[in-house]
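Have a look at the structure below, then the notes.
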Amino acid sequence: MPSFSGTLRCVLIAALFLGILLTAIPPVAAAADGNIQVYLEPSNVIATACVDQHCQNTAMTAEGEGATFTGFDSNAWHTLTIKADGYLDYSSTFYLTPGTQVIDAYLDPVPTPTPVPNGNLEIEVSPKGGTACIDNAQCQRLDFDPNADGVFDFYSLAGNSYHTLAITLPGYQPYTESIYVNAGIDNGESVKLTPLAQGAASSSLQATAASNPAGAGTPVSTAPATTAVPQTTKTGLSASVPFVALGIVGAVFLARKR
């Protein structure tokens, strides 16, 4: 069994030979002998092209719009970026070999968003009247008519999305609803407003009908009667007093004559 010192000696000898071997092999050195020729597609696009941090505007060549970069380190990695109005940013990493390397850069146009068609909304509200607003922006007003249904029309609303409907009418509870408007069609909705204090108003009407039935005439007041206090007044003698006095005198005269 080899001793520890023998094993250590073998490791040191192997490390020495490995160091000599690595020193004898020359590394691949990067040299500034690489060139890049960039061509754009579409060929008529004017852009700004950059290799690493070196940028220039493209120019028209016999092969179309392009740019030429010289004196870059070969046997090394580099990054090409291109910016052009109306096109997505282009980026590519490449390994540059000695000589001239040609890169064809295909630019993709910025996608145009597809507009969503609008939709219309018709709101039938009962009773007719009040103010209706969509998204607190478009508002309409109708005169009050308790015996009719009113119609609010809203046009060119963003389709396939939700909108907030708000309706107000004096004497009725405010109404709010989130409505989905489909694109490209006329959307409809019916709304019935609720009177304020509906229960209290109904009780008041019943009490009035009970106190004043049909054909009963003018209702009698239910307020407690006020007791009238007689007033003391000064009056003259009654007209019968002189006749009473004459009767008394006559009676006395007849008594004396007997």
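FYI, it's all coordinate maths here, none of it is from the lab. Note that this is a predicted model, so its numbers are computed, not measured. Every residue, glycine among them, receives a Cβ derived from its backbone with ideal geometry; neighbour counts consider all protein chains shown.
Side notes on the structure shown:
- Cut-off under 5 Å, modelled amide H: who pairs with Thr61 long-range: Gly66
- Reducing segment 60-79 and segment 111-143 to their Cα centroids gives an inter-centroid distance of 58 Å.
- Integer Hz, Karplus 6.51/-1.76/1.60 couplings in order for segment 93-110, x for Gly and Pro: 9, 9, 9, 8, 9, x, x, 10, 10, 9, 10, 9, 9, 9, 9, 9, x, 5
- Residue by residue, segment 114-122 carries 3J(HN,Hα) couplings of 7, x, 8, x, 7, x, 9, 9, 10 Hz when phi is fed to the Karplus relation 6.51 cos²θ - 1.76 cosθ + 1.60 (θ = phi - 60°); x denotes Gly or Pro.
- Under 5 Å from the amide H of Ala183 lie the amide H atoms of Asn160, each residue being 5 or more positions distant or on a separate chain, with H modelled from the backbone and absent for Pro and chain starts.
- Förster-model FRET efficiency, 45 Å R0, Ile13 and Cys55, C-beta, rounded to 0.05: 0.25
- Multiplying the residue separation of Phe94 and Asp149 by 0.36 nm and subtracting their alpha-carbon distance yields 12.6 nm.
- Karplus 3J(HN,Hα) series, Hz, for segment 33-48 with 6.51 cos²θ - 1.76 cosθ + 1.60 (x for Gly, Pro): 10, x, 10, 10, 10, 10, 10, 9, 9, x, 7, 9, 8, 8, 9, 10
- Cut-off under 5 Å, modelled amide H: who pairs with Tyr87 long-range: Val110
- DSSP bridge pairs, segment 34-106: antiparallel proportion in percent, nearest 5: 75
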